[in-house]
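Following: one structure in structure tokens, then a few remarks.
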């Protein structure tokens with residue numbers, strides 16, 4: 001299937017000489033949720049701004065549903081909805097009017113049935129006659145999404161969609177995003193909440209210093225790069241790891257009351273059987289053990305650290 005967004009050899013150099021993007025190649029599949037992760041200043045916002053037609057590229061091409069975002073700007077932009085991080089709405093306008101006005105900005109004819117559908121899907125129907133200023137932060141965020149969906153885009157960009165909202169509202173927003181994907185909308189989100197990407201994304205892209213350093217299926221990424229830790233809670237305290245156990249790469253923790261063994265989940269053998277035998281031979285006893293799988297956050301931090 002042809003990707004709905006295709007980015008080829010994309011670079012952006014500002015007048016100051018700062019190179020924000022360097023030879024980006026990226027394809028977004030139709031109907032997926034794609035999470036773009038990266039530290040502040042990595043180039044996330046610049047990349048989104050170019051795809052959405054807000055910033056001009058220095059080099060390269062971007063196709064949105066087959067339309068070049070520079071040469072074929074209007075058809076390309078019509079296919080894209082953008083929900084910026086900032087809550088920018090007319091505070092004294094009603095929900096219905098502000099969403100309807102956004103549709104008109106794209107030259108779309110009036111379609112009250114579509115506006116009603118969007119507001120109902122986002123649980124905003126009961127608030128349609130309310131002024132924006134009277135809404136909670138979570139509801140205002142939903143209005144921003146409704147505005148972005150007013151012109152029936154096939155692609156939706158969410159820039160930090162749950163920034164500044166509490167945990168409960170964040171989970172509500174996740175449900176909204178999943179329901180949008182179920183209707184066929186392709187969703188690209190940037191987030192600082194690693195949990196958000198881990199919960200929602202089909203694929204994850206990591207950008208650092210203006211370069212895409214990895215694009216991978218989320219499950220495959222965690223399988224390939226994830227590691228597990230086996231923590232042994234000892235019956236006695238150790239001052240150091242005995243020389244007989246040196247080849248296991250053990251670390252002491254909790255003031256010598258724990259031994260931590262890290263192993264690769266992809267390896268043919270974990271080495272745990274050998275470790276337990278050597279512990280027994282060394283006379284080291286433990287009262288409990290537990291394992292911990294690396295989170296997407298651990299993987300992300302390690303990837304970015306390696307590229308510094």
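The values are calculated or read from the model by the stated rules, or taken from the named source; none is laboratory data. In this text, all values refer to a predicted model and were calculated from it rather than measured experimentally. In this analysis, Cβ positions are derived from the backbone assuming ideal geometry, glycine residues included, and neighbour counts consider all displayed protein chains.
Results, tabulated for the structure shown:
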item	result
The range 40-53, residues that are in a loop (DSSP other than H, G, I, E, B), surrounded by 14 or more Cβ atoms within 10 Å (Cβ to Cβ) and free of Cβ contacts under 8 Å to residues at least 60 places away in the same chain	53
Leading residue by the ranking (modelled with the highest pLDDT) among those in the range 200-211 that are more than 18 Å from residue 186 (Cβ to Cβ) and either within 11 Å of the chain's Cα centre (by Cα) or part of a strand (DSSP E or B) (or both)	211
Filter result (in contact with a helix residue (DSSP H, G or I) (Cβ under 8 Å, 6 or more places away or on another chain), more than 17 Å from residue 203 (Cα to Cα) and either assigned to a loop (DSSP other than H, G, I, E, B) or not assigned by TED's automatic domain parsing to the domain that holds residue 65 (or both)) within the range 1-39	39
Qualifying residue in the range 150-160 (condition: more than 20 Å from residue 196 (Cα to Cα), in contact with a strand residue (DSSP E or B) (Cβ under 6 Å, 6 or more places away or on another chain) and either assigned by TED's automatic domain parsing to the domain that holds residue 46 or surrounded by fewer than 21 Cβ atoms within 10 Å (Cβ to Cβ) (or both))	yes
Out of 295, 274, sole residue that is surrounded by fewer than 16 Cβ atoms within 10 Å (Cβ to Cβ) and modelled with pLDDT of 85 or more	274
Number of positions in the range 85-118 that are surrounded by 18 or more Cβ atoms within 10 Å (Cβ to Cβ) and either within 25 Å of the chain's Cα centre (by Cα) or outside any helix (DSSP H, G or I) (or both)	2
